[in-house]
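A short write-up of the structure that comes next.
The values are calculated or read from the model by the stated rules, or taken from the named source; none is laboratory data. Since this is a predicted model, take the numbers as computed values, not measurements. Heads up, the Cβs are rebuilt from the backbone with ideal geometry, glycines too, and the neighbour counts pull from every protein chain shown. Calculation scope for accessible area: heavy atoms of the full protein, side chains included, ligands and nucleic acids excluded. Shrake-Rupley method; radii C 1.70, N 1.55, O 1.52, S 1.80 Å.
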Amino acid sequence: MHLARFPRVKLCHAPTPLEFMPRLTAHLGGPQLWVKRDDCTGVATGGNKNRKLEFLLGEALAQGATHIVTQGAVQSNHVRQTAAVAAKFGLKCTALLEHRIKTNDPDYLDSGNVLLDRMLGLHIEYREPGLDMNAEAEAYGATLRAAGEKVYVIPGGGSNPTGALGYAHVALEVLSQANDIGLRIDHFVHATGSAGTQAGLVVGFEAMNSGIPVLGIGVRNPRDKQEANVHKLAEATAAKLGLNGGIRREAVVANCDYVGDGYGIPTEGMGEALMLCARTEGLFLDPVYSGKGMAGLIDLIRKGTYRQDENIVFLHTGGQVGLFGYKDFLTRAAG
Ligand SMILES: *Cc1c(COP(=O)(O)O)cnc(C)c1O
């Protein structure tokens with residue numbers, strides 16, 4: 001786990017805080033709930049993609065790229081963070097935004113992340129749903145290359161072995177924080193989407209033989225597909241790091257019971273989780289990822305999955321800018 005062997009730019013405000021959540025813990029009657037604040041990574045209001053972008057931008061700059069191409073849903077946090085980092089390094093940036101959700105809601109289409117994308121000078125191209133968006137991004141990059149540009153294509157969510165190094169690093173970071181304060185981490189829980197966050201965490205925790213189980217709460221795919229995606233990426237990331245023996249398939253666990261009607265479509269549990277965290281801890285989660293992740297954790301707690309004295313660390317992956325894309329739902333949920 002020698003991450004300094006890879007090209008990297010320093011972007012993140014890190015280490016991000018690891019905080020106890022006393023009022024949420026009391027409200028739920030235990031287990032002991034902690035939050036790792038990767039919503040506070042800095043650049044462009046923060047979030048988990050900045051961790052991956054440290055290594056992705058490092059590689060792009062090492063290759064002499066002048067134009068970054070990526071893709072995501074309309075309210076993609078990844079696209080906003082990528083556009084910001086590209087701006088910060090003086091690179092051009094294009095994103096293909098997929099109309100993954102059928103909606104005419106002007107807040108979803110033009111506020112939140114989209115508003116910030118436009119402020120960042122991002123060049124936006126829209127795509128209808130259901131295409132292979134990574135293939136679309138590659139094809140778009142190829143046309144730019146044909147026109148003489150030096151292009152670096154970042155896959156959706158920044159989830160490839162290079163991006164996942166960012167979360168192998170977070171595994172090191174959080175383990176060192178826990179060791180310093182004498183916190184025994186019994187479970188590590190977070191929202192999983194394009195798989196890079198969980199893949200990197202699993203690789204980092206396994207490489208250090210930490211014994212910390214990671215649970216990804218899915219926001220899009222069914223369980224089999226999500227676990228297969230994460231495991232494949234974890235194996236590739238481990239290989240990139242030169243770790244022998246691969247990654248145990250059992251180390252990759254996802255629970256995809258909290259997706260609801262689909263990616264980015266609100267659920268009642270998400271609304272409850274958002275209000276509960278806001279009203280007990282002054283903590284804003286996001287409607288697409290961390291809100292559904294916390295909804296899953298709360299439901300598992302209520303079902304008696306954890307002992308009262310167990311310590312659970314929830315990774316806050318950011319995304320609060322997306323709240324402004326869901327104004328009507330949140331206004332109702334706030335009561
Ligand atoms: C992208 C994202 C995730 C999911 O991370 P993956 O690495 O794509 O699985 C979780 N939370 C937020 C806020 C995100 O933007």
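Give me the pairs, please: first residue somewhere in region 137-154 and closer than 21 Å to residue 53 by Cα, second residue anywhere and open to solvent by 80 Å² or more (accessible area, probe 1.4 Å) and among the charged types (D, E, K, R), beta-carbon distance under 9 Å, and either six or more positions apart or on two chains. Note: pairs meeting the criteria are 149/92; 151/145; 153/138. In region 116-210, counting only strands (runs of 3 or more DSSP E) that sit wholly within it, the ones holding 2 or more residues that are within 13 Å of the ligand (Cβ to nearest atom) and open to solvent by less than 10 Å² (accessible area, probe 1.4 Å) span 187-192. Tell me whether region 271-281 contains one or more residues that are in a helix (DSSP H, G or I) and β-branched (Val, Ile, Thr). Yes, because at least one residue in region 271-281 is in a helix (DSSP H, G or I) and β-branched (Val, Ile, Thr).
Does residue 23 meet the test of being farther than 16 Å from residue 169 by Cα, touching a residue at least 40 places away in the same chain (Cβ under 8 Å), away from the ligand (no atom under 16 Å from the Cβ) and open to solvent by 40 Å² or more (accessible area, probe 1.4 Å)?
So residue 23 passes the test.
Within region 211-223, being open to solvent by less than 60 Å² (accessible area, probe 1.4 Å) and within 16 Å of the ligand (Cβ to nearest atom) holds for 214, 215, 216, 217, 218, 219, 221.
Table: residues versus (1) open to solvent by 10 Å² or more (accessible area, probe 1.4 Å); (2) within 17 Å of the chain's Cα centre (by Cα); (3) more than 30 Å from residue 243 (Cα to Cα).
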residue	(1), (2), (3)
2	yes, no, no
6	yes, no, no
10	yes, no, no
14	yes, yes, no
42	yes, yes, yes
50	no, yes, no
55	no, yes, no
61	yes, no, no
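Got at least one residue in region 28-40 being open to solvent by 10 Å² or more (accessible area, probe 1.4 Å), hydrophobic (A, V, I, L, M, F, W, C), touching a residue at least 12 places away in the same chain (Cβ under 8 Å) and assigned to a loop (DSSP other than H, G, I, E, B)? No, that holds for no residue. Just to be sure I understand, how many residues within region 277-332 are away from the ligand (no atom under 16 Å from the Cβ) and open to solvent by 40 Å² or more (accessible area, probe 1.4 Å)? So the answer is 16. Residue by residue through region 76-115, note down the ones that are part of a loop (DSSP other than H, G, I, E, B), of a type outside the set (A, V, I, L, M, F, W, C), more than 15 Å from the ligand (Cβ to nearest atom) and buried (at least 17 other Cβ atoms within 10 Å of the Cβ). Scanning region 76-115 gives a single hit, 111. Going through (1) surrounded by fewer than 22 Cβ atoms within 10 Å (Cβ to Cβ); (2) assigned to a helix (DSSP H, G or I) one by one, residue 226 falls short only on (1). Residue count for region 242-258 satisfying the condition of being open to solvent by 10 Å² or more (accessible area, probe 1.4 Å) and either β-branched (Val, Ile, Thr) or under 30 Å from residue 5 (Cα atoms) (or both): 11.
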